[in-house]
Amino acid sequence: MKELDALKNLKNSWVIAFGIDDDEGHNYIPNEGFKIKTFRLITKNLRIIPRPVRYFLNLLEAFFRITIPGIRLKPSIIHCHDTLFLPIAVVIKWFCKSKLIYDAHELESDKAGQSKLLSRYSLFIEKISWKKINFLISVSPSIIQWYQERLGKKDNELILNAPMLDYKKNAEERTNYLRQKFEIPGDKKIFLYLGIINKIGRGIDLYLEVFKRKDIESHLVFIGYGEYTDEIKKCAALYQNIHYHESVPHDLVVQISKSANFGLCMLEPVSLSDYYSLPNKLFEYAFSGLLVVASDFPDIRQYVEKYSLGVCSLLTVEDLYKTITTLENSDSRRSDWNFERLYPISWEYQAGKLVALYDKLLLN
């Protein structure tokens with residue numbers, strides 16, 4: 001959606017998006033300047049069929065539903081965001097002589113929650129489509145390097161999954177919302193976890209183990225939803241320094257986040273995609289003015305150090321405990337925080353790179 005919004009201002013061009021209804025309750029209302037065509041796949045409802053087989057049936061149905069409308073459009077550029085759609089994109093490219101961009105939002109063949117069979121299937125699709133791809137986009141330097149080394153050299157661009165910002169709200173002073181809601185004393189630090197609350201992959205049990213310790217004086221606040229929410233609520237009932245807040249609308253995230261001191265972004269290496277990731281939350285915390293406690297992964301460490309976003313910690317209870325206790329006794333305010341310094345990791349900067357790429361491809 002962010003990329004569509006950036007591309008709608010291309011001169012002498014129009015933008016249309018084809019997508020599959022994910023049945024997750026999202027309600028996308030596009031701005032003027034582009035159109036979204038949503039397809040409902042009958043095969044997505046065949047839950048009794050094993051996921052890899054259903055995935056293949058989804059591909060077949062999507063191929064027949066999308067290919068002909070796509071060819072009729074005669075696109076100059078096809079921007080493919082999902083491995084499932086790569087064969088469709090290749091066929092449309094062949095008929096229309098289009099340029100093909102593959103936008104890998106993760107390392108698609110090695111990501112969490114994906115079976116080995118589905119991972120091999122994804123890699124197979126990427127391999128057979130690779131020569132037809134004109135340009136590669138991805139979200140971290142290491143993921144781009146992985147594709148270059150495994151599948152072959154390809155012109156590429158790094159487009160970070162950075163947040164779209166309301167500069168007026170970001171420029172506002174810190175609030176006391178979380179302190180007032182949970183009656184947290186003014187001399188206690190607040191560590192914030194923002195996002196999906198699942199047991200695997202997000203370091204939540206690690207946070208709980210640390211903040212259950214009696215000598216930890218800071219408070220831990222979870223904001224979000226997920227399968228592990230009940231466990232958080234149980235801990236919040238037993239420990240005075242652990243709190244749960246229901247998920248909030250996107251336009252309130254920054255305002256509420258600014259009432260904390262630190263943002264927690266401790267991903268676990270449950271897949272190579274996670275290990276190479278640069279998560280959106282890392283940048284959301286940064287633009288909320290929070291110091292980040294992040295996983296000590298190569299790309300994350302590079303950006304944390306380059307932009308002074310916070311500190312990295314190993315994924316052990318003792319290492320995180322030492323990090324938390326050190327931060328408890330430190331100044332949590334970022335004296336050097338400003339938009340100008342963080343501009344290269346903002347969405348506005350990423351959007352500029354994307355538009356420049358399109359201008360180049362259309363010119364050629």
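Some notes on this structure:
- q = 0.06, 0.08 Å⁻¹: log10 I(q)/I(0) that the Debye formula gives for the chain, counting C-alpha atoms only: -0.25, -0.45
- Set of lysines with alpha-carbon distance to residue 214 below 21 Å, sequence-local pairs under 8 removed: 188, 189, 233, 234, 322
- Applying a DSSP loop filter and a limit of 15 other Cβ atoms within 10 Å to the GluC sites (Glu not before Pro) in region 30-138 leaves 32.
- Accessible area per residue in Å² at 1.4 Å probe, computed on the chain: 52 Å²
- Between residue 155 and residue 10, the distance separating the two model label sites (each 7 Å from Cα on the Cα→Cβ line) works out to 1.3 nm.
- Taking the 1.4 Å solvent-accessible surface of region 229-314 as the whole, the part contributed by carbon and sulfur is 51%.
- Dipole axis of the chain (+1 Lys, Arg; -1 Asp, Glu on Cβ), positive-most option in 38, 311, 245: 38
- Cβ charges +1 (Lys, Arg) and -1 (Asp, Glu), total dipole of the chain, debye: 1400 debye
- Scoring 76-87, 194-205 by mean Cβ neighbours within 10 Å over their residues and listing the highest first yields 76-87, 194-205.
- Lys/Arg +1, Asp/Glu -1 at C-beta; region 63-127 dipole; positive extreme among 87, 71, 118: 71
- Rg over Rh, two decimals, region 268-315 (C-alpha only, Kirkwood Rh): 0.94
- Diffusion coefficient (Stokes-Einstein, Kirkwood radius over C-alpha pairs, 25 °C, 0.890 mPa s) for region 53-174: 155 µm²/s, rounded to a whole number.
- Positive-end residue of 272, 107, 129, charge dipole of the chain with Cβ unit charges: 129
- Working value for region 219-364: equivalent-ellipsoid semi-axes of 30, 18, 17 Å, each the square root of 5 times a Cα gyration tensor eigenvalue, largest first.
- Values of log10 I(q)/I(0) for region 127-257 across q = 0.11, 0.15, 0.22 Å⁻¹ run -0.59, -0.84, -1.25, by the Debye formula with one identical scatterer at each alpha carbon and no solvent.
- Computed lengthening from residue 209 to residue 64, 0.36 nm per intervening residue step minus Cα-Cα distance: 47.1 nm
- Cα gyration tensor, region 103-164 - rounded (a/c under 1.5), prolate or oblate: oblate
- With respect to the chain, whose longest principal axis is taken over its alpha-carbon atoms, helix 317-328 is tilted by about 70°.
- Label-point separation, residue 116 to residue 95 (7 Å along Cα→Cβ), nm: 3.8 nm
- Peptides 111-118, 7-14, ordered by how many other C-beta atoms sit within 10 Å of their residues on average, highest first, read 111-118, 7-14.
- Taking only the Cα atoms of region 169-246, the radius of gyration and Dmax are 12.8, 36 Å.
- Computed E for residue 363/residue 105 - FRET, C-beta separation, R0 35 angstrom, nearest 0.05: 0.85
- Net charge, residue 317 excluded, C-beta distance under 14 Å - Lys, Arg +1, Asp, Glu -1: -3
- A simple spin-label model places pseudo-atoms 7 Å from Cα toward Cβ; at residue 183 and residue 248 they are separated by 2.1 nm.
- For the chain, modelled as a GNM whose springs connect Cα atoms under 10 angstrom apart, the maximal fluctuation among 60, 309, 291 occurs at 60.
- Cα gyration tensor shape for region 13-123, rounded if a/c is under 1.5, else prolate or oblate: prolate
- Using alpha-carbon coordinates, inclination of helix 86-96 to the longest axis of the chain, degrees: 40 degrees
- Here the sum of -39500 (n - 2.57) over DSSP H runs of 4 or more residues, divided by the residues of the chain, equals -12500 deg cm²/dmol at 222 nm, to the nearest 500.
The values are calculated or read from the model by the stated rules, or taken from the named source; none is laboratory data. Small disclaimer: the values here were computed from a predicted structure and weren't measured. FYI the Cβ positions are ideal-geometry reconstructions off the backbone, even for glycines, and counts take in every protein chain you see. Ligands, DNA and RNA are excluded from the accessible area calculation, which covers all protein heavy atoms including side chains. Shrake-Rupley method; radii C 1.70, N 1.55, O 1.52, S 1.80 Å.
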